[in-house]
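S.K.: Handing you this structure, nothing more for now.
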Amino acid sequence: MFKRILVAVDGSPTADQALQEAIKLAKEHQAQLRIVHAVDVVNYMSAELVDPTEISDAIAKNGQDILRKAEAEAVARQAEIPVETRLIIIDRLGHRVPEMIAAEAQAWPADLIVICTHGRSGLSHLFLGSVAEGVIRVSTKPVLLIRGK
């Protein structure tokens, strides 16, 4: 049923749970797995900082580190499935993480998006928003939410 599974990770323990579920599904369905991480460097580039490019590079490096760790986890679990990673860099105003994850799923093309939800509510949800909620709203692909324990 699912031959191409995209999982979004952010380096959190909850995202690790989503990755584990995506690995399990990929093994069960003999599917390809694409692990993505999105970084929004636009806000740092427009800020009046000493060197916004340096900060942008550091953010991208951190994103690559998150992807390397996730890929190593998939390989270590002896998933025996094709695994690839993709860093999504948001460097233009008007682009948001949920839309870029959904666009990546569409372009690849994924059969399923697996993403974690941190289950925030109240003020923390108001200020931080929810990437998972945004992906659900804009994606044309099925989305599997993994809630943190």
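The values are calculated or read from the model by the stated rules, or taken from the named source; none is laboratory data. Bear in mind that the values here come from a model prediction, so they are computed numbers and not experimental data. Cβ placement follows ideal geometry from the backbone for every residue including glycine, while neighbour counts extend to all protein chains displayed. Calculation scope for accessible area: heavy atoms of the full protein, side chains included, ligands and nucleic acids excluded. Shrake-Rupley method; radii C 1.70, N 1.55, O 1.52, S 1.80 Å.
S.K.: How do the pairs read when you match residues in segment 101-114 that are more than 15 Å from I90 (Cβ to Cβ) and in a helix (DSSP H, G or I) with residues anywhere that are of a type in the set (V, I, T) and at pLDDT 95 or above, using Cβ under 8 Å and keeping only pairs 6 or more apart or on different chains?
M.R.: A105/I113; Q106/T140
S.K.: Out of the residues in segment 133-149 meeting the condition of being open to solvent by 60 Å² or more (accessible area, probe 1.4 Å) and of a type in the set (V, I, T), tell me which one is nearest to A22 (Cα to Cα). Give the steps one after another, and end with the answer.
M.R.: Filtering segment 133-149 down to residues open to solvent by 60 Å² or more (accessible area, probe 1.4 Å) leaves 133, 136-138, 140, 142, 145, 147, 149.
Subsequent filtering for residues that are of a type in the set (V, I, T) retains 136, 138, 140.
Details: I136: 17, V138: 20, T140: 19 Å.
Checked segment 133-149; the qualifying residue nearest to A22 (Cα to Cα) is I136.
S.K.: While we're looking at this one, here's another question. Within segment 46-53, identify whether any single residue is open to solvent by 60 Å² or more (accessible area, probe 1.4 Å) and at positive phi, and answer yes or no.
M.R.: The answer is no, given that none of the residues of segment 46-53 is open to solvent by 60 Å² or more (accessible area, probe 1.4 Å) and at positive phi.
S.K.: Follow-up question, since we're still on this one. Filter segment 1-21 down to the residues that are assigned to a strand (DSSP E or B) and open to solvent by 30 Å² or more (accessible area, probe 1.4 Å) and list them by number.
M.R.: If the condition is that a residue be assigned to a strand (DSSP E or B) and open to solvent by 30 Å² or more (accessible area, probe 1.4 Å), then R4 is the only one that fits.
S.K.: Looking only at segment 22-31, which residues are more than 13 Å from the chain's Cα centre (by Cα) and open to solvent by less than 50 Å² (accessible area, probe 1.4 Å)?
M.R.: If the condition is that a residue be more than 13 Å from the chain's Cα centre (by Cα) and open to solvent by less than 50 Å² (accessible area, probe 1.4 Å), then I23, L25, A26, H29, A31 are the ones that fit.
S.K.: When you scan segment 48-98, how many residues do you find that are at pLDDT 90 or above, part of a loop (DSSP other than H, G, I, E, B) and out of contact with any helix residue (DSSP H, G or I) (no Cβ under 9 Å at 6 or more places or on another chain)?
M.R.: Qualifying residue count for the region: 0.
S.K.: Continuing with the same structure: Only one of (1) open to solvent by less than 60 Å² (accessible area, probe 1.4 Å); (2) more than 24 Å from G148 (Cβ to Cβ); (3) among the small types (G, A, S) is not met by G94, so which one is it?
M.R.: All conditions are met except number (1).
S.K.: Across segment 99-130, which residue is most open to solvent (accessible area, probe 1.4 Å) among those that are in contact with a strand residue (DSSP E or B) (Cβ under 9 Å, 6 or more places away or on another chain) and modelled with pLDDT under 90?
M.R.: Result: H118.
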